[in-house]
Amino acid sequence: MAQFRWPGVLFLGFVLSSSAQETPPAARTSGQDAAPTSPSLTPRSHEERERRYQAEHRITLNVIVTDSSGRAGKGLKQEDFTILDDGVPKAAMSFRPMEGSKGIAPAHVILMLDTVNNSPRSIAFERREVEKFLARSQKQLEYPTSIAVLSRLGATVGKQSRDRDALVREFRTLVNSVHRYGCEDEGISSLQLFAGSVFGNVGVHGLADDSLAGQRASCENQRFLLSVSSLHRQAMRQIDVPGRAILIWIGPGWPLLSSQEFRPDSPALKQNFFAYLVLLSTALREGQVTLDAVSSPELFRAEENLSDHDIALMNGVSSEEQVTAGSLALQVLAHQSGGQVLTAGKDLAKEIAQCVADADSYYVLSFDSAAGTRPGEFHPLQVNVKKPGLTVRTNTAYYAQP
């Protein structure tokens, strides 16, 4: 399957660091260039080296435990948990039960309405359901909540608030002023330029630009780039925000780029896909972002009904040879972050509430990972509870660095 990328954009690959890539042009200062920063020196003391190592290799997990009825498994202690990193038991370096909005750095919620990958009819329904969810709440929400909308300009995120009425007003303002995405748009935003720099510069392969199939494939490719870039930016913004973020993505997700209009991926494209997957997966984990996908298509059905191919896709890929655009699907990333994947139903407000309820009771564990033998070394994760009848949901993998 071939991918169509932004024409006229210089191919940069992953030479830049993630922080440099994520600096939008509008945020750069005008006038004189900033003075060059001093080179980073290797810490010399043992304590400094230890702090640097922990910052790079300590893995924090938000662990949701439920019984067969879906009720939270409360009252567990550190010794009740076993952490397996690529099948190897790891000692928990920290353990903290979390109950609701109590304690240090409670969870916060981001409601993201996707208008890029959705039909006008679905957007209207989802808009009503978001307002219905907010109307079900008391005057003050338990968790700080932000309203966000994905449009052709990227993601616009409002201020955090617990005030239900204020959030409804802001949501209506954002949706009413949304820049609807249309493939006829010829302008390229800074976010789209960033996406193109990541995935490269190649035009439509094997199809005339004015053919219907070529236009459809190009449109799918543009929506894919815009969506994953926006998600990456949101994850990066959470890294310096204390506490866990529950990001509820409302919409079917972006295209998987698997139609017959796309030719097989080149080795260079696979390399870029894998590098970006590592970058995005790491940002979600370091930002403690639990990504939930609601209004998902039936393609992503209950886990017990998944085929072997589906299970392999959902659990992650370990090499460039295995990666595809589907490895960056919304539902795949949600599953790997420990989030929920809920198929489209008639009561979306209830599904949103179900995702928010993850913040009511969970456990925060951390462990120290070993240095990877190579950049982006895939490590499957598993957290088990010794007590029978309990189910655990948390991050399913991470990518280790040397």
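Ala124 meets the conditions (1) aliphatic (A, V, I, L, M); (2) surrounded by fewer than 20 Cβ atoms within 10 Å (Cβ to Cβ); (3) modelled with pLDDT of 95 or more in every case but one. The failed one is (3). Quick check on the stretch 217-224. Is at least one of its residues assigned to a helix (DSSP H, G or I), small (Gly, Ala, Ser), buried (at least 19 other Cβ atoms within 10 Å of the Cβ) and modelled with pLDDT under 80? For the stretch 217-224, residues assigned to a helix (DSSP H, G or I), small (Gly, Ala, Ser), buried (at least 19 other Cβ atoms within 10 Å of the Cβ) and modelled with pLDDT under 80: absent. Among the residues of the stretch 90-121, count how many are in a strand (DSSP E or B) and open to solvent by less than 40 Å² (accessible area, probe 1.4 Å). Total satisfying the criteria: 8.
Which of the residues belonging to the stretch 255-292 are at pLDDT 95 or above, in a loop (DSSP other than H, G, I, E, B) and open to solvent by less than 10 Å² (accessible area, probe 1.4 Å)? Matches in the stretch 255-292: Gly287 only. Here His335 fulfils each of the conditions (1) in a strand (DSSP E or B); (2) open to solvent by 20 Å² or more (accessible area, probe 1.4 Å); (3) touching a residue at least 60 places away in the same chain (Cβ under 8 Å); (4) within 30 Å of Asn221 (Cβ to Cβ) apart from (1). Is there a residue in the stretch 341-353 that is modelled with pLDDT of 90 or more and polar (S, T, N, Q)? Checked against the condition, which is being modelled with pLDDT of 90 or more and polar (S, T, N, Q), the stretch 341-353 yields no hits at all.
For (1) at pLDDT 75 or above; (2) surrounded by fewer than 17 Cβ atoms within 10 Å (Cβ to Cβ); (3) in contact with a Cys (Cβ under 6 Å, 6 or more places away or on another chain); (4) not in a helix (DSSP H, G or I), each residue gets a yes or a no:
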position	(1), (2), (3), (4)
Phe194	no, no, no, no
Ser197	no, no, no, no
Asp209	no, yes, no, yes
Gly214	yes, no, no, no
Leu226	yes, no, no, no
His232	yes, no, no, no
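Could you please let me know if Ile246 is aliphatic (A, V, I, L, M) and modelled with pLDDT of 95 or more? Criteria met by Ile246.
In the stretch 237-254, how many residues are of a type in the set (Val, Ile, Thr), part of a loop (DSSP other than H, G, I, E, B) and touching a residue at least 60 places away in the same chain (Cβ under 8 Å)? Counting residues in the stretch 237-254 that are of a type in the set (Val, Ile, Thr), part of a loop (DSSP other than H, G, I, E, B) and touching a residue at least 60 places away in the same chain (Cβ under 8 Å) gives 1. If the condition is being of a type in the set (Asp, Glu) and at pLDDT 65 or above, then the stretch 31-81 contributes Glu47, Glu48, Glu50, Glu56, Asp67, Glu79, Asp80.
If we keep just the residues of the stretch 359-385 that are among the charged types (D, E, K, R) and closer than 25 Å to Ala107 by Cα, which is least open to solvent (accessible area, probe 1.4 Å)? Per the stated criteria, the residue is Asp368. Can you confirm whether Glu170 is among the charged types (D, E, K, R), assigned to a strand (DSSP E or B) and more than 22 Å from the chain's Cα centre (by Cα)? For Glu170, the condition - among the charged types (D, E, K, R), assigned to a strand (DSSP E or B) and more than 22 Å from the chain's Cα centre (by Cα) - is not met. All conditions in (1) at pLDDT 95 or above; (2) in contact with a Gly (Cβ under 6 Å, 6 or more places away or on another chain) hold for Ser366, with the sole exception of (2).
Yes or no, residue by residue, for (1) at pLDDT 95 or above; (2) open to solvent by 20 Å² or more (accessible area, probe 1.4 Å); (3) not β-branched (Val, Ile, Thr):
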{"site": "Leu134", "(1), (2), (3)": "no, no, yes"}
{"site": "Gln138", "(1), (2), (3)": "no, yes, yes"}
{"site": "Glu142", "(1), (2), (3)": "no, yes, yes"}
{"site": "Ser146", "(1), (2), (3)": "yes, no, yes"}
{"site": "Ser151", "(1), (2), (3)": "no, no, yes"}
{"site": "Gly154", "(1), (2), (3)": "no, no, yes"}
{"site": "Thr173", "(1), (2), (3)": "no, yes, no"}
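If you go through the stretch 369-388 and pick out every residue that is modelled with pLDDT of 95 or more and out of contact with any helix residue (DSSP H, G or I) (no Cβ under 6 Å at 6 or more places or on another chain), you end up with 8.
The values are calculated or read from the model by the stated rules, or taken from the named source; none is laboratory data. Just so it is clear, the structure is predicted and the values come from calculations on it, not from any experiment. Positions of Cβ are generated from backbone atoms using ideal geometry, with glycine treated the same way; all protein chains shown enter the neighbour counts. The protein model used for the area step is the full one, side chains on, heavy atoms only, and it has no ligands, DNA or RNA in it. Shrake-Rupley method; radii C 1.70, N 1.55, O 1.52, S 1.80 Å.
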